[in-house]
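The values are calculated or read from the model by the stated rules, or taken from the named source; none is laboratory data. What you see is a predicted model, and the numbers here were worked out from it, not measured in a lab. Every residue, glycine as well, gets a Cβ built from its backbone with ideal geometry; the counts of neighbours run over all protein chains shown.
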Amino acid sequence: MHLPETADIVIAGGGVIGASTAYHLAKGGAKNVVLLEREPLFGTESTGKCAGGVRAHFDTEINCRMSALSLPAFERFEEETGYSADYRKIGYLFVLNKEQDVAAFQRQMDMHLALGLRTEWLTGDEIRRRLPMMNFEDALGGLFGPDDGLADNGAVVQGYVSAASRLGVRCLTGVEVTGVETAGGRVQAVLTSAGRIPTPLVVNAAGAWAGEIGRMAGLEVPVQPVKRQLFTTTPTPEIPADFTFVIEFGTGLYFHREGPGLLSGMSRADQPPSFDQTVDEEWELTHLETAAFRLPLMEQKGIARRWAGLYEVTPDHHAIIGPVEELKGFYMNAGFSGHGFMHSPAAGRLAAEEILKGRTESLDISCLRKERFRTGKTLDEYNVF
C-alpha cells in the first residue's frame, strides 16, 4: 500500500459520513484529501448494516433541518454522482399507543408544519384502515411523513466514493488508523497500519469507533457503540410493494419491504454499549414474538437473513459536527445515533463548508459542537428507536 507523502486533510472512516465528507470537500475545491477505511470495502460496517430509512420528522429543529437538506440530495443523487440512490417515497408512519407519545408527536407536528415539512396526522381508525393486515387495535394515532422512505445505502456510499475519486480524493481501503500524532495543541499526522501521513487536519468520521479515534488524539469523545439487530423474512407476496415504513414507537419495532420479503428491527432499551455484533438469539425471539403480534402473517414466514450492526450513540442522540476546542486540526463528524445514513448528504456538505470557508452557509450547526456536553447545552431527541 503506497500512502501519500503528506495530506491536507485525512478522513478517518469510509462509511457514508466519511464518503460524503470526502466528496463535498473535493467538490468545494479541496486538494490532497485522503479517505481511509480499515475494511476491504467502503461502507460495510454500520452503513452497510443499516435499514436504509430516510425521514424528515424529528423532535428537534436541527435534526429536521438536517433532513430537509439531505432528502433533496437523495433525489438528485444520480445527477450528482452517477449512481442512483433508489430513493423510494413510501412514507414513514409512527404508530402511537401511549397518550404521552401522542402529546409529544402532536407538539412536534406544529414545528414540522412551521418548517414546511409535509406531515399528516392519522387517527387510530385511519391507521387500522390503512394497515388492515396489522394488529393495531390499541393505536391512538400516528404521524405520517409522505416524503420519507428508503434509499440504497450501498449505492450512496459507492456514489460518493466514486465521485470523490474522480475529483482527486485518494480513497484507500484496508488501511486502519492506529494513532493521531499531536504537538503544541495541533494535529501533526495520522498514523496507520500502512504508515504515517503528515497532515494538519483529521476528520473523525469513524462512526461507532469515533470514541476510539478521539482517544488516539487524547480527546474524550462521547460516542458509544450500541448493537442493533435486524432480520429479513422469506417472501411476503401478501404485502403490497408500496408498503410504508411502519414504526410502533412504544417498542421500537419497525417493518418495511426489503426485496421479496420484509425487513424488521426492534431496539432494545437496555442494550449495553459494546462493539459486539453477534445476533442475540434470546432478543431475536422477543423481537419475533412482538413482530408476529403486530403482523400475524409473520407466524407463517421464516427468517431469510439475520445480522447485527452498531449505532454510534451520543448522550443526547445528536451528532457531533465541528472543530474541537482542545485540539486544532481535529474535526468531528460522527455520533449520529441511528440517523447517519439519512443525514449523510447534509453532514458532508456542512463539514466541507466549515473546513473550507471557516463557517457553514447552508445551516447553522453550532449547537452540534462537542463542547455542548461540557457547557450543559445538550439537545434532546424524542424520536429515537
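Among what's in the range 287-314 and is of a type in the set (Val, Ile, Thr) and surrounded by 16 or more Cβ atoms within 10 Å (Cβ to Cβ), pick the residue that is nearest to Gly340 (Cα to Cα).
Taking the range 287-314 first, the residues of a type in the set (Val, Ile, Thr) are 290, 303, 313-314.
Subset that is surrounded by 16 or more Cβ atoms within 10 Å (Cβ to Cβ): 290, 313-314.
Working: Thr290: 26, Val313: 10, Thr314: 12 Å.
In this case the residue turns out to be Val313.
Just to confirm my filter: which strands (runs of 3 or more DSSP E) fall fully inside the range 276-385 and include at least 2 residues that are closer than 21 Å to Glu248 by Cα and under 17 Å from the mean Cα position of the chain (by Cα)? If you could, list the steps in order and put the result at the bottom.
Numbers: elements: 303-313, 320-323, 330-334.
In the range 276-385, the matching strands (runs of 3 or more DSSP E) lie at 303-313.
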### Query
Can you name the number of the only condition in (1) assigned to a strand (DSSP E or B); (2) polar (S, T, N, Q); (3) surrounded by fewer than 19 Cβ atoms within 10 Å (Cβ to Cβ) that Ser264 fails?
(3)
### Query
When the range 1-49 is examined, which residues are found to be assigned to a strand (DSSP E or B) and of a type outside the set (Asp, Glu)?
Ile9, Val10, Ile11, Ala12, Val33, Val34, Leu35, Leu36
### Failed item in (1) surrounded by fewer than 21 Cβ atoms within 10 Å (Cβ to Cβ); (2) assigned by TED's automatic domain parsing to the domain that holds Trp209; (3) touching a residue at least 24 places away in the same chain (Cβ under 8 Å), with Ile321 passing the rest
(1)
### Task
Scan the range 201-214 for residues that are at negative phi, surrounded by 24 or more Cβ atoms within 10 Å (Cβ to Cβ) and not hydrophobic (A, V, I, L, M, F, W, C) and jot them down.
Asn204, Gly214
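Of the residues Pro40, Pro72, only one is free of Cβ contacts under 8 Å to residues at least 12 places away in the same chain, more than 16 Å from Ile17 (Cβ to Cβ) and surrounded by fewer than 22 Cβ atoms within 10 Å (Cβ to Cβ); which? First the steps, then the outcome.
Values: Pro40 fails: free of Cβ contacts under 8 Å to residues at least 12 places away in the same chain.
None of the others qualify; the one that does is Pro72.
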### Query
With Thr178, Thr199 as the choices, which residue is closer than 16 Å to Ile9 by Cβ, over 22 Å from the mean Cα position of the chain (by Cα) and hydroxyl-bearing (Ser, Thr, Tyr)?
Thr199
### Task
Can you tell me which residue among Arg359, Arg349, Arg369 is without any contact (Cβ under 8 Å) to a residue 40 or more places away in the chain and either buried (at least 24 other Cβ atoms within 10 Å of the Cβ) or among the charged types (D, E, K, R) (or both)?
Arg359
### Residue satisfying all of: in the range 234-252; polar (S, T, N, Q) and farther than 17 Å from Leu122 by Cβ; surrounded by the most Cβ atoms within 10 Å (Cβ to Cβ) among these
Thr236
### Task
Could you figure out which of (1) in contact with a strand residue (DSSP E or B) (Cβ under 8 Å, 6 or more places away or on another chain); (2) surrounded by 16 or more Cβ atoms within 10 Å (Cβ to Cβ); (3) under 18 Å from Glu37 (Cα atoms) isn't true of Gly154?
(1)
### Task
Output the number of the condition that Met216 fails; it satisfies all remaining conditions of (1) touching a strand residue (DSSP E or B) at 6+ places or on another chain (Cβ under 9 Å); (2) under 20 Å from Ile9 (Cβ atoms); (3) touching a residue at least 60 places away in the same chain (Cβ under 8 Å); (4) not polar (S, T, N, Q).
(3)
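Which one is farthest from Gly259 (Cα to Cα), of the residues in the range 173-200 that are crowded, with 21+ Cβ neighbours inside 10 Å and not polar (S, T, N, Q)? Give the steps one after another, and end with the answer.
So the first thing to find is which residues in the range 173-200 are crowded, with 21+ Cβ neighbours inside 10 Å, and the list is 175, 177, 180, 187, 190, 192, 197, 199.
Filter again for not polar (S, T, N, Q), leaving 175, 177, 180, 187, 190, 197.
On the way: Val175: 33, Val177: 36, Val180: 42, Val187: 45, Val190: 41, Ile197: 42 Å.
Per the stated criteria, the residue is Val187.
To keep it simple, each residue is scored yes or no on (1) out of contact with any Phe, Trp or Tyr (no Cβ under 8 Å at 6 or more places or on another chain); (2) exposed (fewer than 15 other Cβ atoms within 10 Å of the Cβ); (3) of a type in the set (Gly, Ala, Ser).
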{"position": "Val33", "(1), (2), (3)": "yes, no, no"}
{"position": "Gly48", "(1), (2), (3)": "yes, no, yes"}
{"position": "His57", "(1), (2), (3)": "no, no, no"}
{"position": "Arg65", "(1), (2), (3)": "yes, no, no"}
{"position": "Phe77", "(1), (2), (3)": "no, no, no"}
{"position": "Gly82", "(1), (2), (3)": "yes, yes, yes"}
{"position": "Ala104", "(1), (2), (3)": "no, no, yes"}
{"position": "Leu131", "(1), (2), (3)": "yes, no, no"}
